[in-house]
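Visitor: Just passing along the structure, written as C-alpha cells.
The values are calculated or read from the model by the stated rules, or taken from the named source; none is laboratory data. A quick note: this is a predicted structure, and the numbers were derived from the prediction, not measured. Ideal geometry is used to build each Cβ from the backbone, glycine not excepted, and the neighbour counts take in all protein chains shown.
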Amino acid sequence: MADSYQIGPDYAADPTATILRPSGELDINSRDDLHAMIVEAFGTATRVVVDLADVTFIDSEALGALIDGYNIAVATGAGFRVVNAKAGVARVLNVSGAQELFDS
C-alpha cells in the first residue's frame, strides 16, 4: 500500500466530543499514528468519534487501532463510535464483526 494518509482531530460543537477524520489508506504504515491520535483524543474528551468517510482502504493493523480505541472507551466509561465507512472499508468492519462493537 502507498504511504498516503492523514489523521487529525476536528473538535465538535460539543466540547466533550472529539471527531477524528482520517483520510486515504489506513494500513500498517498509519496504525501507530491512528492509535496515538485516538489515545490523545481520550485525554481531553469523554466521547471520540472516528469518521471514516474519506478512508479508501483499511487493513487489520488499522482495524486493531480502532479496536484499541473501543477498548479504551470500555475501560474508562467513555464513548467511542466509528461512522461513515464506505464500500470496501465498511465490508472489512462488517466481516470482522468490529462494526457491531463500534455501534454499541
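Visitor: How many residues, within segment 60-87, are farther than 20 Å from Ile28 by Cα, of a type in the set (A, V, I, L, M, F, W, C) and part of a loop (DSSP other than H, G, I, E, B)?
Guide: Within segment 60-87, residues that are farther than 20 Å from Ile28 by Cα, of a type in the set (A, V, I, L, M, F, W, C) and part of a loop (DSSP other than H, G, I, E, B) number 1.
Visitor: Say whether the condition of being β-branched (Val, Ile, Thr), surrounded by fewer than 19 Cβ atoms within 10 Å (Cβ to Cβ), more than 16 Å from Glu40 (Cα to Cα) and modelled with pLDDT of 95 or more is met by at least one residue in segment 95-103.
Guide: First, the residues of segment 95-103 that are β-branched (Val, Ile, Thr): 95.
This time we only want the ones that are surrounded by fewer than 19 Cβ atoms within 10 Å (Cβ to Cβ), so: 95.
Those still in the list that are more than 16 Å from Glu40 (Cα to Cα) too: 95.
In the following step, the residues that additionally are modelled with pLDDT of 95 or more were identified as 95.
Yes: one or more hits.
Visitor: Restricted to segment 19-45, and to residues that are β-branched (Val, Ile, Thr) and at pLDDT 90 or above, which residue is nearest to Ser60 (Cα to Cα)?
Guide: Out of the qualifying residues, it is Ile28.
Visitor: Of the conditions (1) in contact with a strand residue (DSSP E or B) (Cβ under 7 Å, 6 or more places away or on another chain); (2) part of a helix (DSSP H, G or I); (3) under 18 Å from Thr16 (Cβ atoms); (4) β-branched (Val, Ile, Thr), Val92 fails just one. Which one is it?
Guide: Here Val92 meets the rest and fails (3).
Visitor: When both residues are 6+ apart or on different chains and their Cβ atoms are under 6 Å apart, which pairs have a first residue that lies in segment 53-82 and is touching a residue at least 12 places away in the same chain (Cβ under 8 Å) and under 14 Å from Ala17 (Cα atoms), and a second that is among the β-branched types (Val, Ile, Thr) and in a loop (DSSP other than H, G, I, E, B)?
Guide: Matching pairs, first to second residue: Ala78/Thr46.
Visitor: Ala85 fails exactly one of the following numbered conditions: (1) touching a strand residue (DSSP E or B) at 6+ places or on another chain (Cβ under 8 Å); (2) loosely packed, with under 15 Cβ neighbours inside 10 Å; (3) of a type in the set (Gly, Ala, Ser); (4) without any contact (Cβ under 8 Å) to a residue 60 or more places away in the chain. What is the number of that condition?
Guide: (2)
Visitor: Among the residues of segment 15-52, how many are under 17 Å from Gly88 (Cβ atoms) and under 11 Å from the mean Cα position of the chain (by Cα)?
Guide: Residues meeting the conditions: 6.
Visitor: Related question: Assigned to a helix (DSSP H, G or I) and in contact (Cβ under 8 Å) with a residue 12 or more places away in the chain: is that true of Gly43 in this structure? Write out each step before concluding.
Guide: Details: assigned to a helix (DSSP H, G or I): yes; in contact (Cβ under 8 Å) with a residue 12 or more places away in the chain: no.
So Gly43 does not fit the description; no.
Visitor: Provide a single number: the residues in segment 50-59 that are touching a helix residue (DSSP H, G or I) at 6+ places or on another chain (Cβ under 9 Å), assigned to a strand (DSSP E or B) and either surrounded by 21 or more Cβ atoms within 10 Å (Cβ to Cβ) or modelled with pLDDT under 95 (or both). Break it down into steps so the answer makes sense when it comes.
Guide: So the first thing to find is which residues in segment 50-59 are touching a helix residue (DSSP H, G or I) at 6+ places or on another chain (Cβ under 9 Å), and the list is 50, 52, 55-59.
Retained after the next criterion (residues that are assigned to a strand (DSSP E or B)): 50, 55-58.
Next cut, either surrounded by 21 or more Cβ atoms within 10 Å (Cβ to Cβ) or modelled with pLDDT under 95 (or both) only: 50, 55, 58.
Qualifying residue count, segment 50-59: 3.
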